[in-house]
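Input: a single structure, listed below in structure tokens.
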Amino acid sequence: MTPFYYVALSLIALYLEIRAYQILRGKNPGLRIFLAVLIALSMGLYPYLMMLGVTHPWPNAHEALSVIGVFFSTAAFFSVFLLILDVIWLISFIITRLFRGRRCGNRMPLKLYGGLLALCAVLAVWGGWNVKTDPPVKNVAVTVPRLPADLDGLKIVQLTDIHVSPLYEKERFTDLVKKVNAQNPDFIFITGDIADGTPQSRRAIMPFLHDLKAKIGVVMIPGNHDYYVDYTAWRHYYKSIGVPFLENGHVEFRKGDDVITVVGMTDRSGIQYGYPGPEKATFGADASNALRIGLIHRPEDAAKWADPRWGLDLLLAGHTHGGQIFIMYPSVWLQNHGYVRGLYHVGNIPFYVSPGIGSWSGTPTRIGAPTEITLLTLHSPEKTH
């Protein structure tokens with residue numbers, strides 16, 4: 001989690017403290033003190049314990065973080081809704097004073113603030129439950145314009161934004177492996193944001209990657225979160241398990257007489273840590289190969305990689321978490337040029353953005369953006385017609 005995250009949390013906590021004092025003005029001083037302490041703990045304890053779990057092995061951290069995360073999310077939701085109400089009140093105040101020459105009425109009664117807080121608590125519990133629920137398999141049929149008829153029915157499992165963090169117990173990933181392997185895929189592609197934390201702190205869980213089985217191959221690329229904590233050690237670990245970990249490169253596989261090229265790009269976050277960004281991507285695979293699949297993390301760069309000079313036939317990305325929370329959807333949509341989740345077409349190239357299976361550890365809630373294990377079945381136009 002970046003310094004900006006902690007600055008933002010501090011400002012949110014300060015805003016909540018000020019507004020809570022104003023809302024409870026004239027009430028029992030003990031209640032105001034209690035609420036001030038509760039806000040401080042709700043906004044501060046979860047990030048502190050998460051960082052502790054990210055850097056140190058902590059058995060059963062998921063239990064404590066799941067409970068504390070509900071208080072954190074409740075405070076976060078309440079601050080958002082409270083800010084919206086305050087902006088509406090401010091606009092009403094300005095309009096009333098300027099055009100009617102009188103004061104605006106009082107703000108909401110205390111009971112309504114209590115009701116809003118209760119609603120935020122319900123959203124926090126619901127969102128936390130969604131984060132911990134095992135992701136379902138989503139079947140997606142994709143017609144690939146240049147796909148040879150003998151590759152019709154090729155099955156790809158896309159896993160993205162796994163975010164192995166203290167939020168999750170080991171059993172989640174054991175179940176994930178069973179569910180993925182049961183699909184009997186030809187390929188498994190992991191499109192970044194694999195783990196949050198140091199290799200040492202996640203050591204007990206990460207072997208699940210080695211247990212993923214595909215008939216042709218498993219390929220991984222880095223996402224922005226993979227650079228945040230000891231990327232050098234993670235890079236060494238991923239390469240040690242015998243799975244291609246592509247950093248602006250490609251790997252070729254064969255299925256019968258057909259050669260399939262998988263191209264994997266880095267994430268631009270790597271630049272600030274001294275690693276090459278995706279603009280450095282160069283790969284000399286034969287453009288006449290039967291199928292060329294591009295793996296990127298951020299969908300915002302889709303138009304660049306759909307350029308015919310790269311010769312790609314299919315593009316896969318993650319990063320967005322499908323918006324993660326409904327109130328974040330517009331921002332995620334803008335940041336990623338309209339690509340949030342689902343199947344798109346960029347020019348003539350099918351492009352799938354998976355909402356992923358995990359949650360960013362800084363916001364332990366998902367609402368309106370369900371997780372998924374994406375199972376893509378490729379179809380040839382010849383077979384489709």
Seminar exercise, completed: Applying the gyration tensor rule to the Cα atoms of the chain (axes a ≥ b ≥ c; rounded if a/c under 1.5, else prolate if a/b exceeds b/c, else oblate), the class is prolate
For this session: Obtain the nm distance between the two label points defined at residue 251 and residue 93 by a simple spin-label model: each point lies 7 Å from its Cα along the Cα-to-C-beta direction.
Result: 5.9 nm
Seminar exercise, completed: The alpha-carbon center of segment 236-268 and that of segment 336-385 are separated, in whole Å, by 20 Å
Exercise. Given the protein chains as shown and a 1.4 Å probe, how many square angstrom of residue 196 are accessible, to the nearest 10?
Worked result: 10 Å²
Exercise. Between segment 37-74 and segment 107-157, what is the C-alpha centre distance in whole Å?
Worked result: 23 Å
Seminar exercise, completed: Residue-normalised 222 nm signal for the chain, counting each DSSP H run of n ≥ 4 as -39,500 (n - 2.57), nearest 500 deg cm²/dmol, is -13000 deg cm²/dmol
For this session: Using a cut-off of 11 Å between beta-carbons, work out the net charge of the residues near residue 314 (Lys and Arg +1, Asp and Glu -1, residue 314 not included).
Result: +1
Problem set entry | Rule-of-thumb Rg ratio for segment 312-385 [Cα; 2.2 N^0.38 Å; N residues] | 1.24
Exercise. Angle between the Cα long axis of helix 170-181 and the longest principal axis of the chain, 0 to 90 degrees, nearest 10?
Worked result: 40 degrees
Problem set entry | Length released on extending from residue 146 to residue 125, taking residue separation times 0.36 nm less the Cα-Cα span | 2.9 nm
For this session: Using label points projected 7 Å from each Cα along Cα→Cβ, tell me how many nm separate residue 310 and residue 8, to one decimal.
Result: 2.7 nm
Problem set entry | Shape of segment 1-155, Cα gyration tensor, a/c cut at 1.5 | oblate
Seminar exercise, completed: Between the Cα axis of helix 3-23 and the main Cα principal axis of the chain, the angle (0 to 90°, nearest 10) is 30 degrees
For this session: Report, to the nearest 10°, how far helix 110-132 tilts away from the longest principal axis of the Cα atoms in the chain, using its own Cα long axis and a range of 0 to 90°.
Result: 20 degrees
Exercise. Excluding ligands and nucleic acids, what accessible area in Å² is computed for residue 94 using a 1.4 Å probe, to the nearest 10?
Worked result: 80 Å²
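Once R0 is set to 25 Å, what does the formula 1/(1 + (r/R0)^6) return for the Cβ-Cβ distance between residue 81 and residue 333, expressed as a FRET efficiency to the nearest 0.05?
0.75
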For this session: Grab the alpha carbons of segment 43-98, take their convex hull, and tell me the volume per residue in Å³.
Result: 66 Å³
Exercise. Put a dot 7 Å past each Cα toward the Cβ at residue 204 and residue 241; how far apart are the dots in nm?
Worked result: 1.7 nm
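The values are calculated or read from the model by the stated rules, or taken from the named source; none is laboratory data. Values in this document were obtained by computation on a predicted structure and should not be read as measured data. All Cβ positions, glycine included, derive from the backbone under ideal geometry; neighbour counts span all protein chains shown. In case anyone asks, the SASA skips ligands and DNA or RNA and just uses the protein heavy atoms, side chains included. Shrake-Rupley method; radii C 1.70, N 1.55, O 1.52, S 1.80 Å.
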